[in-house]
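The block underneath contains the structure these notes are about, expressed in structure tokens.
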Amino acid sequence: MSRPVLAEDGYEHYMSRVSQSYRLEDLAGLRQEFGRLEQDEYAPVGVRRFRRYGNGVILPWEDKTSHWLPAVEDKAGGWRAGYDQGSNNPDHLSVRYFHALSESVKSNAILRALIEEDFSLTFWSCDGQQLPVYFGVHFVKLTSSGPSDPGISSPNFFHQDGEPFTFAHLIYRSKHMMGGENFIATTGIRNTRLEDAPIDQILARFTLSSTFESFVVHDPKVSHYVSPIIKCDEACEEITERCIILIDFSSTAQRL
């Protein structure tokens, strides 16, 4: 994985350096967090999507480590973190308040390493006064119990996220699964469904299958899409699932 490739192509499919050295207990901690994810309240009825979110800032002039922003308490006594994509997700044009990541997973060594590695691969147009860099972390799990019960991401078409950089890291993928294929395309087919997308506008297609297999997009240059997952072995009693960590980065600016 390298900055020049990302800057030139607008995307890269790679294996995270974290895969070379990590503790099994830290990976187990990530898996436990995925096991506790709440149903995504913004998903369409019947769609099996589960999610938690956390956000924070990195101070580039200091230690470049993550500083988490505090979650806010909701009326039911739970903890939430707000996520706003502006107009970049037509499915959701206002702030979404997801259940917050647990404090234990925020201190997980693997997650900290992923955030630091990802940030080291970003690049910014302003070389003058440095400002904090905002980051967001989504834990997203899609599940499927059979062909008539797909796990669907949002939005379900080629899109741009709005954040300059988004990294996706696979943590777990069930064996008895079809779909979950990633597509990278030009920005000209943003808001286009896969079945309507011109083949010559698709730049790459691949499926994340190994733990810590990853990809990144530089949002101004490309659009992207992931197909629904479907359990393909009905003889298997277990629910099929795909667990992904998404990490995005945005610049901050003074608002007057």
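The values are calculated or read from the model by the stated rules, or taken from the named source; none is laboratory data. Note that the structure is predicted; figures quoted are calculated from it, not measured. Don't worry about glycine lacking a Cβ; one is built from the backbone with ideal geometry, like all the others, and counts go over all protein chains shown. The area values use the complete protein model at the heavy-atom level, side chains included, leaving out ligands, DNA and RNA. Shrake-Rupley method; radii C 1.70, N 1.55, O 1.52, S 1.80 Å.
Test of understanding: what is the full-extension gain from Gln20 to Asp200, defined as 0.36 nm times their sequence separation minus their Cα-Cα distance?
On the way: separation 180, 0.36 × 180 = 64.80 nm, distance 3.57 nm.
Contour length minus the Cα-Cα distance gives 61.2 nm.
Using only alpha carbon positions, build the gyration tensor of the chain, then give the equivalent ellipsoid semi-axes as the square roots of 5 times its eigenvalues, largest first, whole angstrom. Numbers along the way, then the final one.
Numbers: eigenvalues 139, 103, 73 Å².
Taking √(5λ) for each Cα gyration eigenvalue gives 26, 23, 19 Å.
Normalised by the empirical 2.2 N^0.38 Å for globular proteins, what value does the Cα Rg of segment 153-256 take? It would help to have the intermediate numbers written out before the result.
On the way: Rg = 15.4 Å, N = 104, 2.2 N^0.38 = 12.8 Å.
Normalised Cα radius of gyration, segment 153-256: 1.20.
Rounded to the nearest whole Å², what accessible area per residue is found for the chain with the 1.4 Å probe?
Details: 12500 Å² over 256 residues.
Each residue of the chain exposes 49 Å² on average to a 1.4 Å probe.
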With the cut-off at 19 Å, tell me which of the pairs Lys141/Lys231; Lys106/Lys141; Lys106/Lys231; Lys175/Lys231 have Cα atoms farther apart than that. Lys106/Lys231
How much of His67 can a 1.4 Å solvent probe reach, expressed as accessible area in Å² and rounded to 10? 70 Å²
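How much of the accessible area of the chain, probe 1.4 Å, is carbon plus sulfur, in whole percent?
Working: 6310 of 12500 Å².
For the chain, the apolar C and S fraction of the accessible surface comes to 50 percent.
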Between segment 1-32 and segment 182-239, how many Å separate their Cα centres? 18 Å
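So, counting K/R as plus one and D/E as minus one, what does the shell of residues with Cβ under 10 Å around Ser250 add up to?
Working: positive: none; negative: Asp161, Glu163, Asp219, Asp248.
Overall, the nearby charge balance is -4.
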Which sequence of Cys232, Cys243 reflects their accessible areas, 1.4 Å probe, from the largest down? Cys232, Cys243
